[in-house]
Amino acid sequence: MEKFVLVENIDMTFKTPRGSFVALKDINLSIGEGEFVTLIGHSGCGKSTLLNLVAGLLVQTAGVLICAGREIAGPGPDRGVVFQNHSLLPWLTCAENIYLAVERVFGATESKAQLKARTLKALDLVQLGHAADKRPNEISGGMKQRVGIARALSIEPKVLLLDEPFGALDALTRAHLQDELLKIVAKTKSTVLMVTHDVDEAVLLSDRIVMMTNGPAATIGDIVNVDLPRPRDRLALVNDSRYHHLRGRVLEFLYQKQMRPAA
Amino acid sequence: MTAAILKHEKFGTALPAAAPAVVVAPPAPAAGDDDAPPVRRQTPLVEKYGDEIAAFFRAAIPVVFGLAMFAAVWSMLAAHSTLPGPLKTFHSAVGIFSDPFYRKGPNDQGIGWNILMSLGRVGIGFGMAAIIGIPMGFMIGRFRFLSGMMSPIISLLRPVSPLAWLPIGLLVFKAANPAAIWVIFISSIWPMIVNTAVGVREVPQDYLNVAKVLNLSEWKVFTRILFPASLPFVLTGIRLSIGVAWLVIVAAEMLTGGVGIGFWVWDEWNNLNVEHIIIAIFVVGIVGLLLEQMLMLLARRFEYR
Ligand SMILES: Nc1ncnc2c1ncn2[C@@H]1O[C@H](COP(=O)(O)OP(=O)(O)O)[C@@H](O)[C@H]1O
Ligand SMILES: [Mg+2]
């Protein structure tokens, strides 16, 4: 697989009022085109920081970041970001929220009708065509998160970056959205980097699980290859011994090697 | 303590029971021409609006009590001094408001004209303050450098008493009317600048991240994110400014003269017509309240959550 996203020798140090804080130290990671990679680790270890570096929202202290052969210099429409708290603009309808993104990326080359069609297509992809004219506060948390995903996908990004996209949802809604994300990614063949703290979610969705050590100066502790065949079915996996083995490896890493001291 | 108990025991429980009785009463006369339908109509009406009517009375009765108490205290004070009582003032008010728009000369015009003239000055002064203050607030909120540049000036000028600006206005404009407008302008501009700037600075980072990942142009950032996100703050600024402007106009007009509610108060003082002064106080209060309520209504339309 071709190396599509490259993270080389990345250090990230934050300047805080109480001195500098080394969040990430010497991170090396490559993601192939069409690959689904999850970042897992204890809260505060630096998962979001790494994702935001790839998104271009943060600037690394040292090292190189490359996406599709180009150095990452700030955010760009080649990377679609889904935030943990959906971040929809409450004064715009769902369709308008997506249109804002579509217009920015395709506005120069396409007609209004084409832009509108793209907007609706993105909403249909997450099965929310009926909510196009609703405001974010008129729909459920799960629906908001789906609109967030539709917005990120609408710009046809080369890489989809998701930061705990289902973290705030109840278990049933989360399972439903995970299944939907699997289908969407199978359809769009997106390259995905996703942050999670849910072991089952990581095993179900990923091709590889990147496990991070605890901060400060967090780095990649280990990587688990998830060689379960696709399409994956959460019910079938319950009785799959390979699934349980993989799950066990991640749990072992998180709760033995990186046991969090009682906070 | 006693007040809380009174509210819950007397009003909270007694009213919901009493309210339906009020509703049932009016349809009764109609029962004469048709026996069955009114009964059918009555029940849903009570069910549908019973709660709302109860809520209305629960809200209205304390207000009535408050006003009654106010009138009682006022009457008592009036009985022991030269202050005119509520009734006398009311009769005088009926007289004044029966012909609000007369004109008998430059210094003797109806209460309507006085109110309108004051509102006009407030409108112009406040309007100019909004046109300059709101964009200025946006710039200060958005650009750190401008904020650093303007903060000391604003901090220095903001606490200055509004009327202290009057001599400057008189000096520059050499006329009373523009000087009064100037005082309104300079005293009502600060809340708008400060609140708008705070609003822009308080725009949630999440929304700005959306702008960043989409690489939105500065214009789109402004129209789609900064403006709507800070609008509630801007409206708060406007509301405070209108309040200040209306407070200041009375004082400014007392000093500058001309036609206006403030000058009218002063004029009636010179005539020793105390009823009129009291009426003016009410008028100032009521107009201020209406301005405030109008802006509250407007602000409520822009609440998103
Ligand atoms: N802007 C920042 N300034 C200072 N410290 C930060 C900043 N952002 C994150 N950190 C610190 O870096 C560490 C990693 O944060 P984060 O990436 O959000 O963790 P995670 O997403 O894994 O929970 C935390 O200790 C956090 O306090
Ligand atoms: Mg995080």
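Some points to look at:
- When residues of region A:62-80 are limited to those that are without any contact (Cβ under 8 Å) to a residue 24 or more places away in the chain and of a type outside the set (A, V, I, L, M), the one farthest from the other protein chains (Cβ to nearest Cβ): A:Gly69
- Residue in region A:88-98 that is in contact (Cβ under 8 Å) with a residue 12 or more places away in the chain and either within 16 Å of ligand 1 (Cβ to nearest atom) or over 30 Å from B:Pro232 (Cα atoms) (or both) present: no
- Sub-6 Å Cβ pairs linking a first residue in region A:231-254 that is under 22 Å from A:Leu177 (Cα atoms) to a second residue that is among the hydroxyl-bearing types (Ser, Thr, Tyr), at least 6 apart or interchain, are A:Leu237/A:Tyr243, ordered by first then second residue.
- Selected residue (criterion: nearest to ligand 2 (Cβ to nearest atom)) from residues of region A:62-77 that are outside any loop (DSSP other than H, G, I, E, B) and not basic (Lys, Arg): A:Leu65
- Of all residues in region A:81-132, those being within 9 Å of another protein chain (Cβ to nearest Cβ) and away from ligand 2 (no atom under 16 Å from the Cβ) number 12.
- Among the residues listed as A:Val54, A:Val59, A:Val37, the single one being more than 14 Å from chain B (Cβ to nearest Cβ) and either in contact with a Pro (Cβ under 9 Å, 6 or more places away or on another chain) or more than 13 Å from ligand 2 (Cβ to nearest atom) (or both): A:Val37
- For region A:13-36, the set of residues classified as among the β-branched types (Val, Ile, Thr) and loosely packed, with under 15 Cβ neighbours inside 10 Å consists of A:Thr16 only.
- Looking at B:Ile124, B:Ile153, B:Ile140, B:Ile131, just one residue is touching a residue at least 12 places away in the same chain (Cβ under 8 Å), away from chain A (no Cβ under 14 Å) and out of contact with any Leu (no Cβ under 8 Å at 6 or more places or on another chain), and that residue is B:Ile124.
- Restricting attention to region A:45-61, the residues being closer than 16 Å to A:Arg79 by Cα and more than 9 Å from ligand 1 (Cβ to nearest atom) number 6.
- Looking across region B:127-176, just one residue is surrounded by 13 or more Cβ atoms within 10 Å (Cβ to Cβ), among the charged types (D, E, K, R) and out of contact with any Phe, Trp or Tyr (no Cβ under 7 Å at 6 or more places or on another chain), and that is B:Arg142.
- For region A:1-44, a tally of residues being away from ligand 1 (no atom under 13 Å from the Cβ), outside any strand (DSSP E or B) and under 19 Å from the mean Cα position of the chain (by Cα) returns 3.
- Of the residues making up region B:212-269, those that are touching a residue at least 60 places away in the same chain (Cβ under 8 Å), among the small types (Gly, Ala, Ser) and outside any loop (DSSP other than H, G, I, E, B) number 7.
- Region A:8-34: number of residues that are of a type in the set (D, E, K, R) and within 16 Å of ligand 2 (Cβ to nearest atom): 0
- Flag for A:Val147 being in contact with a Cys (Cβ under 8 Å, 6 or more places away or on another chain) and within 24 Å of A:Ile31 (Cα to Cα): no
FYI, it's all coordinate maths here, none of it is from the lab. These numbers were taken from a predicted model, which means no experiment stands behind them. Please note: Cβ atoms are built from the backbone with ideal geometry, for glycine as well, and neighbour counts cover all protein chains shown.
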